[in-house]
Amino acid sequence: MSAAAPPERYRAISPAEFFYKYREIAGFSNPVRALYQAVRELVENALDATDSHGILPNIKIIIEKADENREFYRVTVEDNGIGLPPHVVPEAFGRVLFSSKYILRQTRGMFGLGAKVAILYGQMTTGRPVEVITSQPNLKRIYYFKLRIDINKNEPIIIERGSWRKNRDWHGTIVSMTLEGDWSRAKQRIKDYILRTAVVTPYANIVFITPDGEIYYYERVIDKLPRPPREVKPHPYGVDLELMKRIRDNGSFSTVKEMLMKSFQGIGNVTASSLLEIAGISPDLNPKSLSDKQLLELVNVMKNYKRFRSPTSEALSPLGEEVIKAGLKRIYEPEFVEAVTRKPSAYQGHPFIVEVGIAYGGKVPLSNDKYPTLLRYANKIPLLYDEGSDVTTDVVKSISWEQYLVKLPAPIIVLVHICSTKVPFKGVGKESIADVKEIRSEVKLAIQEVARKLRAYLSKKLKEEEKKKRVVSLAKYVPEVVRALTIILGDGRGVKAKLLEEKLVEIVSLRTGIPKDEVYKVVKSVEIGV
Amino acid sequence: MAISSVDKYARQKSIEILRKKFASIAKRILEGKRPVLIMPKRVLSNTIYDMKKKLLLLGPEMKRRSLLDVNEARKFMQTLLMASIIYEALVNDEYPTIRDLYYRGKHTISYRDILGRLHHENTWDEQRESDAVIRDIEVFLGVLREEMLILSKEKGKVVGNLVIRSGDDVIDLSKMGHGAYAIEPTPDLIEFKDIDAEFVLVVEKDAVFQQLHRYGFWKKYKAILITSAGQPDRATRRFVRRLSEELKLPIYILTDADPYGWYIYSVFKIGSITLSYESERLATPNAKFIGVSMTDIFGEEEAAKNIKKLTSIFGKDLKNVLSKPRKKPYLSEKERKNYIIKAKKKDVERAVELVGYDVADKLISNPEIKKYIRQRKMGVSGYPWFRTPEWIKEISIFFSKLAKLEIEAMASKGLKFLADTYIPTKIETGDWID
Ligand SMILES: Nc1ncnc2c1ncn2[C@@H]1O[C@H](COP(=O)(O)OP(=O)(O)O)[C@@H](O)[C@H]1O
Ligand SMILES: [Mg+2]
């Protein structure tokens, strides 16, 4: 599961030491990146602890200067999530590669790394420990820890601990750590990151207080949470020998057939029998007696079997059309917003869902003149960098937007969310998504689907505007015409200016189909100068 | 200021027509119908050369100018605005010039668009725009600007044995000293009282007019001498027309030997494209082009050569315009060298517009000019009133020689030559184009 170093090669050093040495792998290469990355890790943990568990998030992020002379910053993130059991806290924050997310379910974090590398970096640059305050919904007390990581042993060192009675019904976690950073240069990135997070979490209250004393508050606008992800069994297409061995060694199944049926999704009685028949393995065999060779044969048969159901998407947690629309509305107050959540699809045995939202007009900033402003997300995490090499960028560029009546540059945002139990990131940066055929085609279909709605809206708007423009170009002359006629015909001759004007307004209104009072509004706005 | 009775009558008539026409527009509006102005189209495509009357006339096509048509709304407003200004001037006994009307009507209209943004728009920007509106009003009402007492700058001048009444004064046009009588913008209000003249000579150039005047040409030859000082204005044309129509005097027109001179002649004779609605009143179908003619400069041999080249277009009949024996030039070889001017590309283009590309292409030998014209004017058919044998003969020499000449050149040969030889000979021998 871990994409990090295989333990046997680095037997001599602990994971903590490894990430201490190679912290840039986890994004902590310099004070700018480190501050940004630390905020990200804590915020993503906070969101994982809330929205994945059916809790409407209240999240508070505080960054403050922690030393008069040096560039030390204290980052505090508070959430109202499920909290941690007190006995787990030291390990969760003090042991690298310790996580509750090593299961097949869509979450933001997944390596058991993030918080710890941030803590390591803080420890190394400032020497200050991490502080954690947490309580779970069913607990009566609030627990407090001050921790440090023993790098050589990859173990937590508890510096201080305590607990007190809850006198109100609070649950959640507050993590506070101090690290060397470069606020002035990381500022923009961090603000961007939080803004983009806010776009896809309209169900969250987010408060962000900066070292400059600015307060950003994104207020919850919708009470609906995305459907929480459910843990699922792996799909047989994604199987490999290592996984098979682990199942054989750790499982307690009486027969091979039972092992297959209980370890994988989409394998029932019939499928299990035919798989084993093709592999030439007796269904009643005790799995522990299977040789590696037999396992390999089984893996091959499973990989080539054509009749599995496609992977279940229950492990996925798409945002949903309502949430995307609410999120875009909350930040951009657009005149048009639409979204679509595509049906689940799969690549190489991994389920994925593509979602697209488009916001147009209102406070949406102007795009560049080549393609709309793109907001990319993978598993609800905003992707801020390497836009150029992302497959969605490519798709967005390939669409001829004028066909959808969008004249670039335009106030248009295209939001693309790809969620999957395994997002095919490009490179180690995890900032862009690789060009996978199935994903590309889903992204394109999704964008087209929403863009068609945008076109319908724009074309209607254009027609209305044309009509109104036409009215203005006629109505603006009414006063001059009335004036001229009354000069020539004189008031004595029974021609009243007021009556003429009224009639002309009526004629213009009748002819253009624009209501009389709107025509009047233009006529009344006219001033004839000298 | 005493207003002459003639003026008063004209005013009253115009006021009535204006009121009547616009009352019907107001009536339509009050009935809830779209306001439209129906008037003849004033465009080249609706300008017809009437072969029988030999006049450029306004064709039968009408245009409907509606306030409810986005493309016409502004013009509609301008037309009503202009009508109201003219109306006010009429009832206030004023004599506005077209420039006055431009200034009186020029103001801004401010309005707000659908987004509430403020816009400013001028009723008109340049005088060209308001002038066009005046022409529209003339055709819409069927009333000419002179009848609405609208003035324009005086350009034309006249001297001769002619006594006229203008306003309440009687003026003897033979007693103008070195000066001349400026033809007033409302020549219809002039009354001819006494005349002792045998013909009218109109010269394009003011300078040549003055020379002939000082030389005593009109006294010696019993002529009325007129200059249009370039393109003739309406008053000069109307004045010439009245001399021809009412006093039955022959009219001779003397211009430069170039496309602009020829066009000036045609404006006097048959009318202009922009004012074709006035041709019936302004054109002088009897006017004759007396010179300076290309054959006077180069002789008829040159024309004979050219005509041979044109038989493929016009057949053999073209030969009939050549006289027997062939006319000799008035200028010697040496004089010609001194006086003629090389034609500019613009001149050649204009000449092609008059007589047609086919003629030009057959005659121009200079390869550069030939190519230039091919690129720009291929297919141009020429005006029918210039595609007559006489004019083809005349203009053919311009193409083959690519040369032009100003009347002043004839005067340089000697004012005496111009006054006592050239003009009298041309008239006596009937050597003109009609
Ligand atoms: N705010 C939080 N609320 C609840 N649990 C948390 C919180 N932050 C961290 N955790 C727990 O600590 C574990 C380790 O976190 P982390 O080092 O960021 O790795 P990862 O997020 O990849 O699992 C998480 O798996 C989670 O169980
Ligand atoms: Mg994490």
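The values are calculated or read from the model by the stated rules, or taken from the named source; none is laboratory data. What you are looking at is a predicted structure, and each value in this text was computed from that prediction instead of being measured. For neighbour counting, all protein chains shown are included, and Cβ atoms are generated from backbone atoms with ideal geometry for every residue, glycine included.
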Got at least one residue in region A:185-194 being among the hydroxyl-bearing types (Ser, Thr, Tyr), within 13 Å of ligand 1 (Cβ to nearest atom) and modelled with pLDDT of 95 or more?
-> no
Name the pairs: first residue in region A:114-132 and free of Cβ contacts under 8 Å to residues at least 60 places away in the same chain and farther than 16 Å from A:Val96 by Cα, second residue part of a helix (DSSP H, G or I) and within 13 Å of ligand 1 (Cβ to nearest atom), Cβ to Cβ under 6 Å, at least 6 apart or on different chains?
-> A:Val132/A:Val89; A:Val132/A:Phe93
Kindly indicate whether any position in region A:147-159 is β-branched (Val, Ile, Thr) and closer than 30 Å to A:Gly54 by Cβ.
-> no
Return yes or no: is B:Leu81 over 24 Å from B:Glu154 (Cβ atoms), within 10 Å of chain A (Cβ to nearest Cβ) and part of a loop (DSSP other than H, G, I, E, B)?
-> no
Failed criterion for A:Asn138 (all others in (1) away from ligand 1 (no atom under 13 Å from the Cβ); (2) within 19 Å of A:Ala38 (Cβ to Cβ) hold) | (2)
Identify all residues within region B:211-228 that are surrounded by fewer than 18 Cβ atoms within 10 Å (Cβ to Cβ) and out of contact with any Leu (no Cβ under 6 Å at 6 or more places or on another chain); write none if there are none.
-> B:Arg214, B:Gly216, B:Lys219, B:Lys220, B:Lys222
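Being hydrophobic (A, V, I, L, M, F, W, C) and crowded, with 19+ Cβ neighbours inside 10 Å is the filter; apply it to region B:58-68 and report the residue that is farthest from the other protein chains (Cβ to nearest Cβ). Walk me through how you get there before you give the answer.
As a first pass, look at region B:58-68 and keep what is hydrophobic (A, V, I, L, M, F, W, C): B:58, B:62, B:67-68.
Now drop any that are not crowded, with 19+ Cβ neighbours inside 10 Å, which leaves B:58, B:67.
Details: B:Leu58: 25, B:Leu67: 6 Å.
Filtering region B:58-68 for residues that are hydrophobic (A, V, I, L, M, F, W, C) and crowded, with 19+ Cβ neighbours inside 10 Å, the one farthest from the other protein chains (Cβ to nearest Cβ) comes out as B:Leu58.
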Test: B:Asp125 is part of a loop (DSSP other than H, G, I, E, B) and at negative phi | yes
All but one of (1) part of a strand (DSSP E or B); (2) surrounded by fewer than 18 Cβ atoms within 10 Å (Cβ to Cβ); (3) among the hydroxyl-bearing types (Ser, Thr, Tyr) hold for A:Thr178; which doesn't?
-> (2)
Please work out if A:Leu415 is in contact (Cβ under 8 Å) with a residue 12 or more places away in the chain and either among the basic types (Lys, Arg) or more than 27 Å from A:Gln106 (Cβ to Cβ) (or both).
-> no
Checked region B:336-363 for anything in contact with a strand residue (DSSP E or B) (Cβ under 9 Å, 6 or more places away or on another chain) and of a type in the set (Lys, Arg); matches are B:Arg336, B:Lys342, B:Lys344
Pairs where the first residue, in region B:196-212, is in contact (Cβ under 8 Å) with a residue 12 or more places away in the chain and assigned to a strand (DSSP E or B) and the second is crowded, with 18+ Cβ neighbours inside 10 Å and not hydrophobic (A, V, I, L, M, F, W, C), C-beta under 6 Å, 6+ apart | B:Leu201/B:Tyr252; B:Val203/B:Thr227
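Residue-by-condition table, conditions (1) at pLDDT below 95; (2) surrounded by fewer than 22 Cβ atoms within 10 Å (Cβ to Cβ):
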position	(1), (2)
A:Tyr20	yes, no
A:Ile25	yes, yes
A:Pro31	yes, yes
A:Phe72	no, yes
A:Thr76	no, yes
In the list B:Lys75, B:Lys21, B:Lys53, which residue meets the criterion of being in contact with a helix residue (DSSP H, G or I) (Cβ under 9 Å, 6 or more places away or on another chain), in contact (Cβ under 8 Å) with a residue 40 or more places away in the chain, more than 14 Å from chain A (Cβ to nearest Cβ) and not hydrophobic (A, V, I, L, M, F, W, C)?
-> B:Lys53
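Of B:Lys393, B:Lys416, which residue is touching a helix residue (DSSP H, G or I) at 6+ places or on another chain (Cβ under 9 Å) and over 23 Å from B:Glu302 (Cβ atoms)? Reasoning before the result, please.
On the way: B:Lys393 fails: over 23 Å from B:Glu302 (Cβ atoms).
Result: B:Lys416 is the single residue among B:Lys393, B:Lys416 that is touching a helix residue (DSSP H, G or I) at 6+ places or on another chain (Cβ under 9 Å) and over 23 Å from B:Glu302 (Cβ atoms).
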Index of the failed condition, B:Leu115 passing every other in (1) part of a loop (DSSP other than H, G, I, E, B); (2) within 9 Å of chain A (Cβ to nearest Cβ); (3) of a type in the set (A, V, I, L, M, F, W, C) | (2)
So which residues in region A:428-444 are part of a helix (DSSP H, G or I) and buried (at least 17 other Cβ atoms within 10 Å of the Cβ), if there are any at all?
-> A:Ile439, A:Arg440, A:Glu442, A:Val443, A:Lys444
Please work out if B:Asp7 is touching a Leu at 6+ places or on another chain (Cβ under 9 Å), under 30 Å from B:Asn286 (Cα atoms) and more than 9 Å from chain A (Cβ to nearest Cβ).
-> yes
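Matching residues to (1) more than 22 Å from the chain's Cα centre (by Cα); (2) in a helix (DSSP H, G or I):
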residue	(1), (2)
A:Glu91	yes, yes
A:Lys101	no, no
A:Arg105	no, no
A:Gly109	no, no
A:Gly112	no, no
A:Ala118	no, yes
A:Tyr121	yes, yes
A:Thr125	yes, yes
A:Val132	yes, no
Identity of the residue in region A:41-69, assigned to a loop (DSSP other than H, G, I, E, B) and closer than 22 Å to A:Tyr217 by Cβ, that ends up nearest to ligand 1 (Cβ to nearest atom) | A:Ala49
By residue number, the members of region B:29-48 that are surrounded by fewer than 19 Cβ atoms within 10 Å (Cβ to Cβ), away from chain A (no Cβ under 14 Å) and part of a loop (DSSP other than H, G, I, E, B) are B:Lys41, B:Val43
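Restricting attention to helices (runs of 4 or more DSSP H) lying wholly within region A:460-530, give those where 2 or more residues are more than 8 Å from chain B (Cβ to nearest Cβ) and more than 15 Å from B:Ala73 (Cα to Cα).
Per the criteria, A:497-512, A:516-525.
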Residue ID - farthest from the other protein chains (Cβ to nearest Cβ), chosen from residues in region A:96-135 that are touching a strand residue (DSSP E or B) at 6+ places or on another chain (Cβ under 8 Å) and near ligand 1 (Cβ under 9 Å from one of its atoms) | A:Val96
How many of the residues in region B:84-110 are touching a helix residue (DSSP H, G or I) at 6+ places or on another chain (Cβ under 7 Å), part of a helix (DSSP H, G or I) and within 14 Å of another protein chain (Cβ to nearest Cβ)?
-> 10
Considering only region A:27-56, state which residues are within 11 Å of ligand 2 (Cβ to nearest atom) and farther than 12 Å from A:Ala115 by Cα.
-> A:Leu47, A:Asp48, A:Ala49
